[in-house]
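**Q** This is the structure, below, for whatever I ask next.
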Amino acid sequence: MKQQVSLKNRKELKAKMQKVFGEKIKGLSTELQEILIDDMATAFENRLYVLNRAHAKDGC
């Protein structure tokens, strides 16, 4: 169940990124756009994970 929610959130994140960056990446092929958006979503999720862990360790 948790993975399904996570996958849904990831799809939503990727859709929002596509909307924000769509104009800037329109010169790329559809395949390269998908790869770039996927990479950006992964980087964003990883950064949030690291920051949340650091925040939790600080006790803030």
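**Q** Could you size up the charge dipole of region 1-56 around its Cα centre, putting +1 on the beta carbon of Lys and Arg and -1 on that of Asp and Glu, and report it in debye to the nearest 20?
**A** 280
**Q** Continuing with the same structure: Using alpha carbons only, how many degrees (0 to 90, rounded to 10) separate the axis of helix 30-58 from the longest principal axis of the chain?
**A** 10
**Q** Restricting to lysines 8 or more places apart or on different chains, can you count the pairs in the chain with Cα atoms under 23 Å from each other?
**A** The number of close lysine pairs in the chain is 12.
**Q** Could you compute the FRET efficiency for Lys8 and Ser29, with r as their C-beta to C-beta distance and R0 at 35 Å, rounded to 0.05?
**A** The computed FRET efficiency comes out at 0.85.
**Q** Here's something else I'd like to know. Which trypsin sites (Lys or Arg not before Pro) does the chain hold that lie in a coil by DSSP with at most 14 other beta carbons within 10 Å?
**A** When the trypsin sites (Lys or Arg not before Pro) of the chain are filtered for loop state and at most 14 Cβ neighbours within 10 Å, Lys26 remain.
**Q** Okay, next question. Considering only Ala15, Ile35, Ile25, whose Cα is most displaced toward the positive end of the charge dipole of the chain, charges sitting on Cβ of Lys, Arg (+1) and Asp, Glu (-1)?
**A** Ala15
**Q** Let me ask another. Compute the accessible area per residue over region 3-45, keeping the other protein chains in place, probe 1.4 Å, unit Å².
**A** The answer is 80 Å² per residue.
**Q** What full-extension length gain, to one decimal in nm, is calculated for Lys19 and Arg47 as 0.36 nm per residue of separation minus the Cα-Cα distance?
**A** Residue separation times 0.36 nm, minus the Cα-Cα distance, leaves 8.0 nm.
**Q** At 222 nm, what helix-only mean residue ellipticity would the chain give, in deg cm²/dmol to the nearest 500, using -39500 (n - 2.57) for each DSSP H run of four or more?
**A** Rounded to the nearest 500, it is -31500 deg cm²/dmol.
The values are calculated or read from the model by the stated rules, or taken from the named source; none is laboratory data. As the structure is a prediction and not an experimental result, all values here were calculated from the model. With ideal geometry, Cβ positions are generated from the backbone for all residues, glycine too; neighbour counts draw on all protein chains shown. These area figures cover heavy atoms from the full protein model, side chains too; ligands, DNA and RNA do not enter into them. Shrake-Rupley method; radii C 1.70, N 1.55, O 1.52, S 1.80 Å.
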